[in-house]
Structures are given as C-alpha cells and as structure tokens.
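Please read the structure below before turning to the comments.
The values are calculated or read from the model by the stated rules, or taken from the named source; none is laboratory data. Remember, predicted model here, so these are calculated numbers, not experimental data. FYI the Cβ positions are ideal-geometry reconstructions off the backbone, even for glycines, and counts take in every protein chain you see. When the accessible area is computed, the model is the full protein with side chains, heavy atoms only, and any ligands, DNA or RNA have been set aside. Shrake-Rupley method; radii C 1.70, N 1.55, O 1.52, S 1.80 Å.
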Amino acid sequence: MTMEPEEKIIVTTDDVLDMLDDLFERRDGQWWDGFYADREKPVPFFRSAPDEPLVSGIASGQLEGGRALDIGCGNGRNTRYLAEHGYEAVGIDISGESIRWAGELCAGCAVQPAFHCCSLQEYGGAPGSFDLIVDSGCFHHIKPHRRQQYLEKIQSLLREDGWYLMTCMDLEAGAAISDYDAYRDFSMHGGMGFSEEKLRRVLSPFFQIEQLGKMQAPSDPDIFGMPFLWAVWMTKRRGQ
Ligand SMILES: C[S@@+](CC[C@H](N)C(=O)[O-])C[C@H]1O[C@@H](n2cnc3c(N)ncnc32)[C@H](O)[C@@H]1O
C-alpha cells in the first residue's frame, strides 16, 4: 500500500483558499498581539484620536447615528468616538491584546461600545444590521484571494442605505507590490499599497464609491489624518 503525504488534499475552491492561507507568512491574532504588546511604541494609530473623515462626517450630519461596526478596531479609538457620538458601536479585532486595550480605554466611558475578539469572517452579526461600517487600516492586510469574501461580508452586514468608510495605504506608504507579487513570496510586506485605479477596480464590483481621496492631515493633534492614506466613502450597490 502506498502512503499518502500527510497534507490536506484539495477538493474544492475553499481548499485552494485555505492552502494559500497556509502558505502565506502568518499575520494572525498572535502576531498582532505581539504588535500591541508595547503600548508606548511610536505607532501613529496608538494615539487616542479618531479618524478625520469620521469627525467630518459627524460634524456635517452625514453620519446620523445608529449601529456602527469598526473592523480591526485596534485600541478602539474610532469605536469609542462613535459610541460618544450617537452610535451603538461594536469593535472587532483578531488580536485579544488590542481588544483588552480597547476595553481598558473605555472603562470610564458613559456609553460602552461592545468589543469582540474575532475576525470579520467569524463575526456573526445579522445581515443589514449596521448603519455604518468603518475599516481603518484593515483592508490593506487582507490577502488578495480573501478580498471577495471580506467585501461580501461587509456588503451583507451593511444596511441598504448605510455607509462603508475604508482607509488604506497608498503606494508610497504601503508595499508597492502587485497582487501576483504577494504570491511570489507569500507576503503582504507589512500591508499592500493601492493606486487609485486599483482601489476602484477591487471595490466597485461590491460597492458604489461615493467619494475617494487622500485623507486630510489636520493640525489638531486630537484628530487622526495622514496624507498617504486613502479614505473611501461607499454605499451598497442597489439590489446587493
Ligand atoms: C493597522 S491596524 C489598525 C487598527 C485600528 N483600526 C486603528 O486604526 O487604530 C489593523 C488591525 O486589523 C486587525 N485585523 C487584521 N485582519 C483582521 C480581520 N480579518 N478581522 C478583524 N481584524 C483584523 C489587526 O489585528 C489590527 O489590529
């Protein structure tokens, strides 16, 4: 009798996706736990400042409250801001360490956001249950073969006329690699940078892009904005 090598066999497309996950360098919850272990590190988003588009959206009345989901919430700086400005806010992250930090920072808050340690893919929110979904710096870590599932999950969680706000790195801040390059060495090189054209191509099958531009860099230190980040406001395409 011949022995089979002790690896999974590939039967379905899901098996192919799992195999690609396995081959990639690990950036799982444990990796991110290490990233968040030293809270004094000079990481720009370790500050307690909310993203500039959210602050503008609240100030202009574009964001009117309701339920908000913050994907890859980190220390919860945006989740907390939304909870303080009329949203029933939920923050999720694959790093238990970041979720612990987010909970501690909200300890004395009048309105408590809910925090869960899980990936977007695992999150069990009801379809159409969010008026606003925020993704600040998570999308550029999603491997190209998982993007479709990621965006479809957001599509399903978003209410019919809800907002999806996503910020991600441009080609100068992020790795200037192609999707194929990521598979040549099975690495996202710390986060993939996007050109405007590529962003439009990967997002528009799933969402209506209402506004796409570089983030403002405010002088106010209590507001977070970096000129090398794209900020994209999206709505669901009708019928999706
Ligand atoms: C660049 S950090 C941004 C953190 C936070 N949004 C902020 O701006 O302060 C990206 C975060 O996404 C989280 N993350 C990565 N992949 C994720 C996934 N599939 N689901 C949920 N969180 C994820 C990481 O653990 C990390 O905290």
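Relative contact order of the stretch 92-195: what whole-number percent is it, with Cα pairs under 8 angstrom and at least 6 residues apart? Working shown, then result.
Details: 131 pairs, mean separation 26.0, N = 104.
Here the relative contact order equals 25 percent.
Can you give the accessible area per residue of the chain, in Å², using a 1.4 Å probe? Don't skip to the end; give the middle numbers.
Values: 12120 Å² over 240 residues.
It amounts to 51 Å² per residue over the chain.
Run the simple label-point estimate for Thr12 and Arg47 please: 7 Å along Cα→C-beta, distance reported in nm.
4.6
How big is the gap, in Å, between the Cα center of the stretch 158-174 and the Cα center of the stretch 217-235?
What the calculation gives is 11 Å, centre to centre.
Any lysines with Cα under 29 Å of the Lys214 Cα? List them, leaving off those in the same chain fewer than 8 positions away.
Once the sequence-local lysines are set aside, what remains near Lys214 is Lys41, Lys143, Lys153, Lys198, Lys236.
Going by average Cβ neighbours within 10 Å, how do the peptides 144-152, 56-64, 70-78 rank, with the highest at the top? Before the final figure, lay out the partial values.
Details: 144-152: 16.3, 56-64: 14.3, 70-78: 25.9.
Put in order of decreasing packing, that is 70-78, 144-152, 56-64.
Multiply the residue gap between Tyr180 and Gln30 by 0.36 nm, knock off their C-alpha separation, and tell me the result in nm, one decimal place.
51.4 nm
Rounded to whole Hz and in sequence order, give me ³J(HN,Hα) for the stretch 65-72 from the Karplus expression 6.51 cos²θ - 1.76 cosθ + 1.60, θ = phi - 60°, writing x for Gly and Pro.
Here the 3J(HN,Hα) series is x, x, 10, 10, 10, 10, 8, x Hz.
Which residue, chosen from Pro144, Met215, Ile71, occupies the Cα position most advanced towards the positive end of the dipole of the chain, where the dipole is computed from +1 (Lys, Arg) and -1 (Asp, Glu) charges on Cβ about the Cα centre?
Met215
In whole Hz and in residue order, list the ³J(HN,Hα) couplings for the stretch 143-157 that follow from phi through the Karplus curve 6.51 cos²θ - 1.76 cosθ + 1.60, θ = phi - 60°; x for Gly and Pro.
Once θ is set to phi - 60°, the couplings for the stretch 143-157 become 5, x, 6, 9, 4, 4, 4, 4, 6, 5, 5, 5, 3, 6, 6 Hz.
Label Ile209 and Ser195 with points 7 Å out from Cα along Cα→Cβ: what is the distance between them in nm?
Result for the modelled spin labels: 1.2 nm.
Taking the radius of gyration and the Kirkwood hydrodynamic radius from Cα positions alone, what is the Rg/Rh ratio for the stretch 13-236, to two decimal places?
Details: Rg = 16.6 Å, Rh = 17.7 Å.
Reported Rg/Rh (Cα atoms, Kirkwood Rh): 0.93.
For the chain, what does the helix formula give at 222 nm: sum of -39500 (n - 2.57) over DSSP H segments with n ≥ 4, over the residue count, nearest 500 deg cm²/dmol?
Helix contribution divided over all residues of the chain: -8500 deg cm²/dmol.
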